């Protein structure tokens, strides 16, 4: 798309897994000094494209050309040596090592053949400062960092390799708003320094803010490449999903204040992370949790599900006192609770286990009759929920790890819906899943609410909160800063309360 | 100051092992009929260094999230081999020592090669190769006996300047020329990375295979160094299966007491040395309190359990139940 010679060129590249083509005869070009957005639903072939470029897998057919030379990367190291560096969505950090170790993991500064710890620390400090992460100490262990800080360290690590082509795969999905701004600035600086950037994101406004051009993938094929502004957002979405979207979000019903309160919390506090939180959720209501990342939203959901120890305050379910003693107790409350966790890979799924076992895991007791386990009943119940959620699977006995991200998330949802919950807590359930699946999740939540389920929905995506929720509680510094509903529920008010500023932009 | 706080946090397990050893050793010495003399220290050191070396050997595969069940057998193989070839003049003896160390490294390399290129699990690979190495030891020395170059042996098990046990110096030198450079080298770093998260390490361009190969090779080398020291202590070789097995299992115990995680990615060989010292001191404590040696396994078990429990104390501080499982 630009006049400069391309950094990366792919010609007729295909990749087959078994009989299925993950990538089909794709031509693709990335140029220096250009921010190229890569769009598509999960399973469209974006990940495969990136993996081939970064040397994680090799193409079944076709040519990959880097700076005019045909290459055949056997591993990520060779790709990095050629200047192609990828920030993967699945974090590639080493949890037991320090931030400084991680940033210089491959080519640490040496003195006399050995690693120079002091120089390495200095380098880490500089790198962290350059991306606005001065709050991270170089000797901190990665496992002690919150997810958003880890993602920044991951970006710093990629920058340390001085890439010619930087690939960002959903690299901002866990970042706070302030970090995202930093990342934007870094990306723009790299662009003016002549670095090529491939930017994969599901967030349309990020792409509008950053990209020079975009390529849409669908079903393993490249659909179209176009310059910024040539296509409207709805046209792009149309290309991605191949079908017309009638509504972005399901209609909200007229509020029914008469419905009984399903979940009521009073004065919940937990260390410095939760401060005096009181909330009521009625049956049939979708209540959003907003605010910047890390303001206590995750802790609040975990506290309500009984995972945290030493929470003060009281919780009532359907007017009856409820003890926060653990997930099993939460599932046995008068209205059973369910928590869709943040990290589906570690807290939501048993990746090597098959789909059926994952789905029925939380509700096995439903199929137990005395000493006999009713496998037939389990099978039909699992089949029903798979149909209901439209989970795309080839075989119930396949491992969950073989599914795409969106379908994995649906499996987590299916698992908890099988328990017939009366109260559903969701921790950013649409992070990193494709547009089509998101729509289905929104519709599902609304359907559940219509049947009387109470929903508490934490999301980092403001548009989602506005579109989906009856009201939104914005959290700041461990407390509920504001409740927004009706006409007061819009992007501006959410951001203002999240940043704790008033209408004039003054810090309150 | 802030740096120091982080460093203490990183080395909690090591510091606990050192503390435990110091406490136990003070109890031992203060109840010893003679007290701390050069002879008492030398005897304690000569015995403790054997397990310390084997425990150091075990640490390296454990850090990569592996395990080496053959360290005790390599230890015994080196002992038997040394009792045959570390003889004659001092020059011939030194040559023999080189061969023994080379054989140990080769045994370790074979373990690593099977694990890396054969993609077999470390635990089963080393169980099998360990049996093979023991078989070779038995072939070399069917019955106990043999000899060793006595000048070298006397020097190695005596004192430097009449006060410092030579075996402690040998151990220190091995830490200085093997462990510390390894820990601060790119492959040593890579080994920790592999143990911490092998996929992430691969994705980051870490030389995963080289790291594992080197870890197992060095493990063989260190275990053989332990076998040499055994030979210098006993002036003979013996292909004893119980000793091989005991050293293997105690090496794992020492690694754990020393604060190294069996899940890999976390720990240090220096911790394992102190873990080994702790285990040895248990035996000495039984001696000074005049208890039946039959109690030793029981006490070892209690100390091991206590050490592991110490590491689990963090559970009491945990306020998010999810962290119990990380």
Qualifying residue in segment B:142-153 (condition: under 21 Å from the mean Cα position of the chain (by Cα) and closer than 17 Å to residue B:100 by Cβ): yes
Selection within segment B:178-200 - farther than 25 Å from residue A:151 by Cα and either more than 12 Å from chain A (Cβ to nearest Cβ) or in contact with a helix residue (DSSP H, G or I) (Cβ under 6 Å, 6 or more places away or on another chain) (or both): B:178, B:179, B:182, B:187, B:188
Conditions (1) modelled with pLDDT of 90 or more; (2) in contact with a helix residue (DSSP H, G or I) (Cβ under 9 Å, 6 or more places away or on another chain); (3) closer than 20 Å to residue A:208 by Cα: number failed by residue A:64: (3)
Which numbered condition residue B:132 fails, given (1) buried (at least 19 other Cβ atoms within 10 Å of the Cβ); (2) at negative phi: (1)
Complete set of residues in segment A:137-147 that are assigned to a helix (DSSP H, G or I) and within 8 Å of chain B (Cβ to nearest Cβ): A:143
Segment B:252-274: number of residues that are away from chain A (no Cβ under 14 Å) and more than 9 Å from the chain's Cα centre (by Cα): 7
Selection within segment B:12-37 - farther than 18 Å from residue B:285 by Cα and more than 14 Å from every other protein chain (Cβ to nearest Cβ): B:14, B:15, B:16
Qualifying residue in segment A:404-420 (condition: at pLDDT below 80, in contact with a helix residue (DSSP H, G or I) (Cβ under 9 Å, 6 or more places away or on another chain) and either farther than 30 Å from residue A:304 by Cα or not assigned by TED's automatic domain parsing to the domain that holds residue A:219 (or both)): yes
Pick from segment A:73-126, criterion more than 25 Å from residue A:32 (Cα to Cα) and part of a strand (DSSP E or B), ranking: farthest from the other protein chains (Cβ to nearest Cβ): A:111
In segment B:1-11, residue farthest from the other protein chains (Cβ to nearest Cβ) [restricted to those that are in a helix (DSSP H, G or I) and surrounded by 15 or more Cβ atoms within 10 Å (Cβ to Cβ)]: B:10
Single condition residue A:134 does not satisfy, out of (1) at pLDDT 90 or above; (2) more than 22 Å from the chain's Cα centre (by Cα); (3) more than 12 Å from chain B (Cβ to nearest Cβ): (1)
Set B:88, B:19, B:35, B:66: member being over 29 Å from residue B:101 (Cα atoms) and in a loop (DSSP other than H, G, I, E, B): B:35
Among the residues listed as A:155, A:167, the single one being under 22 Å from residue A:461 (Cα atoms), in contact with a strand residue (DSSP E or B) (Cβ under 8 Å, 6 or more places away or on another chain) and buried (at least 22 other Cβ atoms within 10 Å of the Cβ): A:155
Looking only at segment A:55-72, and only at residues there that are part of a loop (DSSP other than H, G, I, E, B) and surrounded by fewer than 24 Cβ atoms within 10 Å (Cβ to Cβ), the one that is nearest to the other protein chains (Cβ to nearest Cβ): A:56
Elements of type helices (runs of 4 or more DSSP H) contained in segment B:181-251, each with 1 or more residues being buried (at least 24 other Cβ atoms within 10 Å of the Cβ) and within 19 Å of the chain's Cα centre (by Cα): B:186-196, B:208-234
Output for segment A:193-209, where each listed residue is more than 16 Å from residue A:40 (Cα to Cα) and surrounded by fewer than 20 Cβ atoms within 10 Å (Cβ to Cβ): A:193, A:194, A:209
Subset of segment A:316-362 [buried (at least 20 other Cβ atoms within 10 Å of the Cβ) and closer than 13 Å to residue A:403 by Cβ]: A:344, A:348, A:349, A:355, A:356, A:358, A:359
Of residues in segment A:309-328 being outside any loop (DSSP other than H, G, I, E, B) and at pLDDT below 90, the one farthest from the chain's Cα centre (by Cα): A:328
Condition check for residue A:175: within 14 Å of chain B (Cβ to nearest Cβ), in contact with a helix residue (DSSP H, G or I) (Cβ under 6 Å, 6 or more places away or on another chain) and part of a loop (DSSP other than H, G, I, E, B): no
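This table checks each residue for (1) more than 20 Å from residue A:28 (Cβ to Cβ); (2) within 14 Å of chain B (Cβ to nearest Cβ); (3) modelled with pLDDT of 85 or more; (4) in contact with a helix residue (DSSP H, G or I) (Cβ under 6 Å, 6 or more places away or on another chain).
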{"residue": "A:180", "(1), (2), (3), (4)": "yes, no, no, no"}
{"residue": "A:185", "(1), (2), (3), (4)": "yes, no, yes, no"}
{"residue": "A:192", "(1), (2), (3), (4)": "yes, no, yes, no"}
{"residue": "A:196", "(1), (2), (3), (4)": "no, no, yes, no"}
{"residue": "A:212", "(1), (2), (3), (4)": "no, no, yes, no"}
{"residue": "A:216", "(1), (2), (3), (4)": "no, no, yes, yes"}
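Condition check ((1) out of contact with any strand residue (DSSP E or B) (no Cβ under 7 Å at 6 or more places or on another chain); (2) surrounded by fewer than 23 Cβ atoms within 10 Å (Cβ to Cβ)) across all residues:
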| residue | (1), (2) |
| --- | --- |
| A:450 | yes, yes |
| A:468 | no, no |
| A:478 | no, yes |
| A:485 | no, yes |
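The values are calculated or read from the model by the stated rules, or taken from the named source; none is laboratory data. Worth saying up front: this structure is predicted, and the values here are computed from it rather than measured. Don't worry about glycine lacking a Cβ; one is built from the backbone with ideal geometry, like all the others, and counts go over all protein chains shown.
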